[in-house]
Each structure stands twice: as structure tokens, then as C-alpha cells.
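The values are calculated or read from the model by the stated rules, or taken from the named source; none is laboratory data. Remember, it's a predicted structure, so these values are computed and weren't measured experimentally. Here Cβ is always computed from backbone atoms with ideal geometry, including for glycine, and neighbour counts include all displayed protein chains.
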Amino acid sequence: MEIDILTLFPAMFDGPLTESILKRAQENGLLAVRRHDIRAYTTDKHHSVDHTPYGGGGGMVMMVEPLVKAIEDVRGTDDQAPVVLLTPQGRVFTQKVAQELAQHQRFILVCGRYEGVDERVRQTAITDQISIGDYVLTGGELAAMVIIDAVARLIPGVLGARWAAEEDSHAMGLLEYPHYTRPPIFRGMAVPEVLLAGDHAAVDTWRRREAIRRTWKQRPDMLLTADLSEAERWFLADLAEADAMATD
Ligand code: 4GX
């Protein structure tokens with residue numbers, strides 16, 4: 001997979017791309033991330049990338065010319081690669097959107113700063129707009145890093161072979177079950193017996209139920225679309241009933 005980033009602050013990506021899994025994915029040739037400095041596409045002597053908005057009001061707006069030139073130069077003749085603008089106005093980033101982006105051999109991330117970009121950038125050169133959530137960042141860079149991280153781990157081979165990304169909680173539509181490792185007792189808190197007994201079928205059932213219990217407590221909205229067996233639906237009904245009894 002190839003990811004091109006357009007940004008005024010290419011150095012912001014140093015940390016996340018040079019550690020751990022993203023570092024190894026690049027070393028192994030599974031991922032290539034290229035950073036492009038938008039300022040390199042300016043033509044005036046001050047290398048301006050922003051200007052005051054027409055119509056007045058506060059703040060600055062990113063100018064259309066350097067940005068469109070940068071996008072067109074980086075994209076080249078590749079008309080398949082999505083060009084994604086990170087913006088609070090985009091569709092909200094979810095695991096499903098990550099899976100969709102992971103299907104592309106290449107995509108381009110455009111990081112805006114200031115109050116935003118001249119509207120004609122969208123009209124000319126953007127194919128998709130994504131928001132990582134309903135809050136306001138100082139720029140698109142951290143949002144781009146979130147997207148790169150979530151998409152890269154879906155590339156086959158990026159996580160170890162034993163770590164199929166499809167088994168992830170959000171891919172299953174449930175939150176993760178509780179995890180335990182050594183020691184067996186910490187400050188009087190024991191690891192659940194079923195995890196120590198070696199009955200793998202019993203472990204699977206317990207984990208599914210704990211995942212359902214957690215999802216029901218923390219994110220009941222997710223249960224509307226979760227894929228549950230008949231027995232698991234009954235378990236869920238029992239949870240709801242026990243809760244109703246406790247609160248009555
Ligand atoms: N999820 N921001 C972008 C400047 C901007 C505004 C409009 C382009 C168009 C954000 C988010 C986010 C703040 C990044 C405004 N650029 N990006 N920036 N939430 O808050 O993605």
C-alpha cells in the first residue's frame with residue numbers, strides 16, 4: 001500500500017511512522033508513506049500558503065493554487081487513488097471506513113490548517129472528506145496519522161500471522177473481551193477460573209459472553225447490528241432482565 005500525505009508540517013509524522021508496527025511495515029515493503037510539503041508548491045517570493053478570507057471575518061484560509069498544484073503533481077496520472085481531505089465536515093471515520101480505504105493500493109491524504117481550505121480545492125481535487133470525530137484539531141495531521149495507523153494494520157502481513165485483524169472487536173461488532181496474563185492473583189483479584197482450566201470451547205463461550213456484557217454496558221448502540229447466535233441473544237436478554245431487577 002502507498003500513502004501520500006500533503007502537509008505544511010511533514011516532520012509531525014516522524015514519531016508515529018518510525019516506531020513499532022508502522023516502522024516494520026515500511027521496512028518489510030508492505031507500506032510506503034511519502035510526505036509532501038505543500039509549501040514547496042508555492043511560486044511567490046514569500047512562499048505563501050494562506051491568506052485572509054474574502055468577505056472578511058477572522059482567521060486565514062489555505063490558498064487554492066499551491067494546494068491543487070501539490071495534489072495534481074503527487075497524484076500524477078493515477079485516477080484510481082482517492083484524495084481524502086481531513087476535515088470536521090467529512091464522513092465520520094469508523095472501522096468500516098478503514099476497511100474501505102484498505103482496499104485501495106494507494107490513497108492521498110490532504111491535511112488542512114487554519115480555518116480551512118479555499119472551497120475550490122474541494123471542487124477541483126478532492127474525492128472524499130473524512131472526520132476522525134466531532135471535535136476540533138489544529139490541523140489535519142493528527143487525523144491523517146489516526147487513519148494511517150488504523151488502515152495499515154489491516155494490510156495482510158502487517159500484524160503477525162497469528163493476529164488476523166478480522167478478529168478485532170470492532171470488526172466483529174462487539175467490544176473486546178477482558179484479557180489477563182501473569183500473575184494469577186493480583187491484590188486478591190484472581191484470573192477467572194475458566195481461563196486457567198484449558199477447556200478451549202468453554203474459553204470461547206466465556207469470551208463471547210463477556211464481550212456481549214461489556215458492549216451492552218458501554219456501547220449498547222453496537223448491539224443493534226452485532227451478529228449474535230440464538231443462545232447469545234438469550235444471554236443478552238438475561239443481562240437486561242438482571243439489570244432491570246437490580247435497578248427496580
Ligand atoms: N477530523 N481539523 C482540519 C482545518 C481544515 C478545515 C476545513 C480543511 C477543511 C479534523 C477532525 C479537524 C480541524 C483538521 C480543522 N482543513 N480533521 N482543520 N476532527 O478537526 O479530521
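Can you tell me how many residues within region 195-248 are under 26 Å from Pro184 (Cα atoms), small (Gly, Ala, Ser) and surrounded by 11 or more Cβ atoms within 10 Å (Cβ to Cβ)?
Matching residues across region 195-248 total 2.
Taking the condition more than 30 Å from Gly173 (Cα to Cα) and within 13 Å of the ligand (Cβ to nearest atom), does Val83 pass?
Numbers: more than 30 Å from Gly173 (Cα to Cα): no; within 13 Å of the ligand (Cβ to nearest atom): yes.
No; evaluated as a whole, the condition is false for this residue.
State whether one or more residues within region 207-222 are of a type in the set (Ser, Thr, Tyr) and not in a helix (DSSP H, G or I).
Kept after step one, since they are of a type in the set (Ser, Thr, Tyr), are these residues of region 207-222: 215.
From the residues that got through so far, the ones that are not in a helix (DSSP H, G or I) too are none.
No - not one qualifying residue is present in region 207-222.
For the list (1) under 30 Å from Asn28 (Cβ atoms); (2) assigned to a helix (DSSP H, G or I), I need the number of the one condition that Arg233 fails.
(1)
Of the residues Arg91, Arg106, Arg24, which single one is of a type in the set (Lys, Arg), within 24 Å of Asp168 (Cα to Cα) and exposed (fewer than 12 other Cβ atoms within 10 Å of the Cβ)? So that I can check it myself, show each step before the final result.
Values: Arg106 fails: exposed (fewer than 12 other Cβ atoms within 10 Å of the Cβ); Arg24 fails: exposed (fewer than 12 other Cβ atoms within 10 Å of the Cβ).
That would be Arg91, the only listed residue that is of a type in the set (Lys, Arg), within 24 Å of Asp168 (Cα to Cα) and exposed (fewer than 12 other Cβ atoms within 10 Å of the Cβ).
If you go through region 146-203, how many residues are in a helix (DSSP H, G or I), touching a residue at least 12 places away in the same chain (Cβ under 8 Å) and among the β-branched types (Val, Ile, Thr)? Outline the logic, then answer.
Residues of region 146-203 that are in a helix (DSSP H, G or I), as a first pass: 146-152, 165-167, 169-172, 193-195, 200-203.
So of that shortlist, the ones also touching a residue at least 12 places away in the same chain (Cβ under 8 Å) come out as 146-152, 165, 169-172, 194-195.
Of the ones still in play, those that are also among the β-branched types (Val, Ile, Thr) are 146-148, 151, 194.
Summing the residues that are in a helix (DSSP H, G or I), touching a residue at least 12 places away in the same chain (Cβ under 8 Å) and among the β-branched types (Val, Ile, Thr) in region 146-203 gives 5.
Residues in region 140-189 that are within 30 Å of Val110 (Cα to Cα) and either in contact with a Cys (Cβ under 7 Å, 6 or more places away or on another chain) or among the basic types (Lys, Arg) (or both): how many?
Residues flagged as within 30 Å of Val110 (Cα to Cα) and either in contact with a Cys (Cβ under 7 Å, 6 or more places away or on another chain) or among the basic types (Lys, Arg) (or both) within region 140-189 amount to 4.
Within region 96-117, how many residues turn out to be among the basic types (Lys, Arg) and either at pLDDT below 95 or under 12 Å from Leu67 (Cβ atoms) (or both)? Spell out how you get there, then give the answer.
Initially, region 96-117 is screened for residues among the basic types (Lys, Arg), giving 96, 106, 113.
Filter once more, so that each one left must be either at pLDDT below 95 or under 12 Å from Leu67 (Cβ atoms) (or both): 113.
Qualifying residue count, region 96-117: 1.
Take Val158 and tell me if it is crowded, with 17+ Cβ neighbours inside 10 Å and within 16 Å of the ligand (Cβ to nearest atom).
Values: crowded, with 17+ Cβ neighbours inside 10 Å: yes; within 16 Å of the ligand (Cβ to nearest atom): no.
So Val158 does not fit the description; no.
Say we look at region 120-155 and pick out the residues that are of a type in the set (S, T, N, Q) and buried (at least 16 other Cβ atoms within 10 Å of the Cβ); which of these is farthest from the ligand (Cβ to nearest atom)? It would help to see each step written out before you state the result.
Step one: of region 120-155, the residues of a type in the set (S, T, N, Q) are 123-124, 127, 129, 131, 138.
If we keep only those that are buried (at least 16 other Cβ atoms within 10 Å of the Cβ) too, we end up with 129, 131.
Values: Gln129: 8, Ser131: 4 Å.
Looking at the filtered set, the residue picked out is Gln129.
Take Leu175 and tell me if it is within 25 Å of Pro220 (Cα to Cα), away from the ligand (no atom under 16 Å from the Cβ) and modelled with pLDDT of 95 or more.
So Leu175 passes the test.
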